[in-house]
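One structure is given here, and the rest of the page talks about it.
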Amino acid sequence: MRSNYFLIVFLLLSLQGFSQFTSGQNGVVDPANAGFPNPKTQQNGGQQSSNKSGRAALDDSTKQVYGPQTVHYFLESDAVNSDVVQRSIDTSLTLLHRYLYQERDGFLTTNLGNQGTAYRDVFTRAPKVLGTQMGYQAYMPYAFQADQIRYYQTKSPYSDVTYNLGAGGQTNLNFAFARNVDSLWNVGVEIQRLVADKNLTDAAFKSGDLSLTGQWGVLLHTNLTSRNKRYRLLGHVNYFDQGTNDQGGIRLTSGQTSADALKYIDNTALLADSKSQSNDQFLKLHLYHEFIGFKGLQLFQQLDAETRKVKFRDLAFQSNLAAGFYPRTYINYIQAPASDSLYNENQWRSYSHKSGIKGIFRQFTYRAHIKQRYWSAYNPLNQMTMDKLENYAGLWLRQQVGKSIDFQAEGEYLIGSDYLLKASLRSPWFWASYQRTSVSPTLANQWVYNTSFRWENNFKNIEFDQLAGGVELTTKHFYLKPSVTIQRLGSWVYHDTLATPTQAKEAIAVFRTSVALGGNFGRFEWQSQVHANTQTGPDVMRMPSLVANLNLALNVQYKKLLYMQFGLDVIGQSAYYGDTYQPAIQQYHLQNRYELPAFVQVDPYVSLRINRVRLFFKMANVTQGLLTDNYYSAYLYPAMGRGFAFGVKWLLFD
């Protein structure tokens, strides 16, 4: 009923948008404007009238004034790096059908088979921040990311309405709105709703409650520039609330193997009593402002405040313990909030300010800063608090040679502990980068205290070295981008088969070669990526040896009004002993019971654009039951089976 309601609403919106933008059209479309109506095109009957002030008055009812070319945005990194950037709104059909998060990430991330479930990287990435982090990151990728928040400049009210619905009730509703109060001040809001249904049977499922995940995200943002262009302010408020009815994967019956379970669609959940729930909620406030006294000497400051609460409860702890889902119990030593329950809660608060100077001398840019960060964590189960004040210093340098060569170097030091050193060089033909990081283990690795999991560790810093480089060969109709990534991880912290954190004594080395290949020929376009991965050292970091994806598309135009793209997505991955997931501590951990089989998934689709309305329809995992029964995205968590998906994206500029 919920999905049908959203479907009806968005079909009405789409029909309204279609009638609004097609009535009165003379069929003239500017290809450079990505198929959207040309604002310079005079509609039939359009005219200009004059008033006493001498200004030409536009008749908005007969002439379209605003469109993608009148809306631009920038990221905070552009302002911090003193880059003057006007990013344009994407109006193309290319990869519009990739609406799931792992699809947007190029299939280099995965979850538990359903949207909104615990998220993780397929390949380990270099750390981006220093200092102690909370470590409960399974749901954070679904929240609005600070480094991706768009700060707009609009000449008219701008709206972006997106609705996607896929198999398993995977629903994504996103609404974004921005407008300029005046030419110097813009305000906006973005709201996101993600839900998904269960694909395993449990007690609630049998009674008609299909809800698996539900997430809300709300973002308020603003940017302001002074009239003399010497002062700029960016700020946002970011709220996130996630809830999951954890199922624990498939409960294997007597004599049933993990491979056998992939043949069925009515498997019983391991946490069959429907009494396990996770919740992750945060509120973040962020402010960046800068004063440009001189081009070579500018002042800037960042202020952040965050409050977060992570909770898990299983009211059927004893029965699930007996089934082997939990490794142990401390029930005799810890008084849980309710009888027969496992409860885990962590409350987190952090405050930080970063202040510094920056400037530009011709093609040389610099930035230096000092930073203070205070964090505290509280566990109500044993009423224990941990906190720390951290002091940082950092430097960032950039040298451009002409318009094509860019060299950057940066360093940051957490006094007495962590550090980061990074350098990169980019040209039109090749790029190279090196990063060395020493970073503190997370709080989840160091300190956990609940009914089934308890530890207080004093792990050493994790050492991370990464050297990467690649070549970029591009012509009018073809591109080839091979690259190599070499990583060395010392004192790596992983969670063993019992989900207990352990620090590796030997270093792990990773060697990965990647190739991005694509192009276009007439109406055809294609793009592909292949990643081949090998590693040495202790077998405590599980990654597939091969990940590949291919997109083929045929573009068709009908009477300069309807644009269609018929395509095929092909995704493949080699077999490996992929991790499983422990929701009580929100961590993926090792398993040696079953090698997740290799798979190939094929998704045919068609995308449409009718002026400013874009739609897609696709059949996901169409090869299920043909090439293989199905596959696991994590141990005992089957991937979503074959199902129909569609989406609508509607842009409004007035």
**Asked** Taking region 83-121 as the search range and keeping residues that are among the polar types (S, T, N, Q) and open to solvent by less than 30 Å² (accessible area, probe 1.4 Å), which one is farthest from residue 396 (Cα to Cα)?
**Response** 114
**Prompt:** Residue check, residue 590 against (1) at pLDDT 95 or above; (2) crowded, with 23+ Cβ neighbours inside 10 Å, all met but one. Which one?
**Reply:** (2)
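Among the residues of region 236-254, what is the count of those that are of a type outside the set (S, T, N, Q) and open to solvent by 30 Å² or more (accessible area, probe 1.4 Å)? Can you show your working first?
Quick first cut of region 236-254, residues of a type outside the set (S, T, N, Q) only: 236-237, 239-241, 243, 246, 248-252.
Subsequent filtering for residues that are open to solvent by 30 Å² or more (accessible area, probe 1.4 Å) retains 237, 239, 241, 251-252.
Counting residues in region 236-254 that are of a type outside the set (S, T, N, Q) and open to solvent by 30 Å² or more (accessible area, probe 1.4 Å) gives 5.
With a cut-off of at least 2 residues that are without any contact (Cβ under 8 Å) to a residue 24 or more places away in the chain and over 20 Å from residue 166 (Cα atoms), name the strands (runs of 3 or more DSSP E) lying wholly within region 535-650.
Details: elements: 546-558, 562-573, 580-582, 587-589, 599-610, 613-620, 632-634.
Of the strands (runs of 3 or more DSSP E) lying wholly inside region 535-650, those with at least 2 residues that are without any contact (Cβ under 8 Å) to a residue 24 or more places away in the chain and over 20 Å from residue 166 (Cα atoms) span 546-558.
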**Request:** May I ask you to list the residues in region 191-220 that are polar (S, T, N, Q) and under 19 Å from residue 636 (Cα atoms)?
**Result:** 199, 201, 213
**Request:** Kindly provide the set of residues from region 147-176 that are under 24 Å from residue 605 (Cα atoms), among the hydroxyl-bearing types (Ser, Thr, Tyr) and surrounded by fewer than 20 Cβ atoms within 10 Å (Cβ to Cβ), ordered by number.
**Result:** 162
**Prompt:** Got at least one residue in region 112-125 being under 18 Å from residue 584 (Cβ atoms), in a loop (DSSP other than H, G, I, E, B), out of contact with any His (no Cβ under 9 Å at 6 or more places or on another chain) and hydrophobic (A, V, I, L, M, F, W, C)?
**Reply:** yes
**Qualifying positions in region 134-146 - crowded, with 20+ Cβ neighbours inside 10 Å and not aliphatic (A, V, I, L, M)** = 135, 136, 139, 142
**Filter result for residue 309 (in contact (Cβ under 8 Å) with a residue 24 or more places away in the chain, part of a strand (DSSP E or B) and either among the β-branched types (Val, Ile, Thr) or farther than 24 Å from residue 74 by Cα (or both))** = yes
**Request:** Would you point out the residue of region 215-235, among those that are touching a residue at least 60 places away in the same chain (Cβ under 8 Å) and open to solvent by 50 Å² or more (accessible area, probe 1.4 Å), that is farthest from residue 173 (Cα to Cα)?
**Result:** 230
**Prompt:** Any chance region 328-345 includes a residue that's at pLDDT below 95, within 32 Å of the chain's Cα centre (by Cα), open to solvent by 40 Å² or more (accessible area, probe 1.4 Å) and not hydroxyl-bearing (Ser, Thr, Tyr)?
**Reply:** no
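Test residue 417 against the criterion of being out of contact with any strand residue (DSSP E or B) (no Cβ under 6 Å at 6 or more places or on another chain), in a loop (DSSP other than H, G, I, E, B), surrounded by 15 or more Cβ atoms within 10 Å (Cβ to Cβ) and not aromatic (Phe, Trp, Tyr), and give yes or no. Spell out how you get there, then give the answer.
On the way: out of contact with any strand residue (DSSP E or B) (no Cβ under 6 Å at 6 or more places or on another chain): yes; in a loop (DSSP other than H, G, I, E, B): yes; surrounded by 15 or more Cβ atoms within 10 Å (Cβ to Cβ): yes; not aromatic (Phe, Trp, Tyr): yes.
Yes.
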**Asked** Among the residues of region 496-508, is any within 30 Å of residue 591 (Cβ to Cβ), open to solvent by 50 Å² or more (accessible area, probe 1.4 Å), out of contact with any Pro (no Cβ under 7 Å at 6 or more places or on another chain) and hydroxyl-bearing (Ser, Thr, Tyr)?
**Response** yes
**Message:** Quick check on region 348-356. Is at least one of its residues open to solvent by 30 Å² or more (accessible area, probe 1.4 Å), hydroxyl-bearing (Ser, Thr, Tyr) and at pLDDT below 95?
**Reply:** no
**Request:** Inspect all residues belonging to region 59-76 and state whether any of them is open to solvent by 50 Å² or more (accessible area, probe 1.4 Å), modelled with pLDDT under 90 and touching a Phe, Trp or Tyr at 6+ places or on another chain (Cβ under 7 Å).
**Result:** yes
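Which is touching a Phe, Trp or Tyr at 6+ places or on another chain (Cβ under 9 Å) and under 26 Å from residue 419 (Cα atoms), of 464, 459?
Result of the check over 464, 459: 464.
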**Message:** Which numbered condition in (1) at positive phi; (2) more than 26 Å from the chain's Cα centre (by Cα) is the only one that residue 478 fails?
**Reply:** (1)
**Item:** Restricting region 234-252 to residues that are farther than 11 Å from residue 637 by Cα and assigned to a loop (DSSP other than H, G, I, E, B), the residue that is nearest to the chain's Cα centre (by Cα)
**Value:** 246
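Residue-by-condition table, conditions (1) without any contact (Cβ under 8 Å) to a residue 24 or more places away in the chain; (2) closer than 27 Å to residue 356 by Cα; (3) hydrophobic (A, V, I, L, M, F, W, C); (4) open to solvent by 70 Å² or more (accessible area, probe 1.4 Å):
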residue	(1), (2), (3), (4)
397	no, yes, yes, no
425	yes, yes, yes, no
463	no, no, no, no
473	no, no, yes, yes
**Prompt:** Can you find a residue in region 525-540 that is more than 26 Å from residue 487 (Cβ to Cβ) and either of a type outside the set (Lys, Arg) or open to solvent by less than 40 Å² (accessible area, probe 1.4 Å) (or both)?
**Reply:** yes
**Item:** Inter-residue pairs, beta-carbon under 6 Å, first farther than 18 Å from residue 162 by Cβ and in contact (Cβ under 8 Å) with a residue 12 or more places away in the chain and in region 189-214, second among the charged types (D, E, K, R) and outside any loop (DSSP other than H, G, I, E, B), 6+ apart
**Value:** 210/197; 212/197
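Filter region 194-214 for residues that are polar (S, T, N, Q), part of a loop (DSSP other than H, G, I, E, B) and open to solvent by less than 20 Å² (accessible area, probe 1.4 Å) and give the result. Working first, answer last.
First pass over region 194-214, keeping only residues polar (S, T, N, Q): 199, 201, 207, 211, 213.
Remaining after also requiring part of a loop (DSSP other than H, G, I, E, B): 199, 207.
Listed by number, the list is empty, since nothing qualifies.
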**Asked** Taking the stated definitions as given, is residue 403 farther than 30 Å from residue 345 by Cα and assigned to a loop (DSSP other than H, G, I, E, B)?
**Response** yes
**Request:** Collect the residues in region 541-569 that are open to solvent by 50 Å² or more (accessible area, probe 1.4 Å) and among the aromatic types (Phe, Trp, Tyr), keeping them in residue-number order.
**Result:** 558, 566
**Message:** Looking only at region 603-626, filter to residues that are at pLDDT below 90 and within 19 Å of residue 110 (Cβ to Cβ); which one of those is most open to solvent (accessible area, probe 1.4 Å)?
**Reply:** 624
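Of the residues that make up region 360-368, is at least one open to solvent by 60 Å² or more (accessible area, probe 1.4 Å), over 30 Å from residue 498 (Cβ atoms) and outside any strand (DSSP E or B)?
Within region 360-368 (the criterion being open to solvent by 60 Å² or more (accessible area, probe 1.4 Å), over 30 Å from residue 498 (Cβ atoms) and outside any strand (DSSP E or B)), the answer is yes, since at least one residue qualifies.
The values are calculated or read from the model by the stated rules, or taken from the named source; none is laboratory data. Just so it is clear, the model here is predicted, and its values are computed rather than measured. Backbone-built Cβ (ideal geometry, glycine too); neighbour counts: all protein chains shown. These area figures cover heavy atoms from the full protein model, side chains too; ligands, DNA and RNA do not enter into them. Shrake-Rupley method; radii C 1.70, N 1.55, O 1.52, S 1.80 Å.
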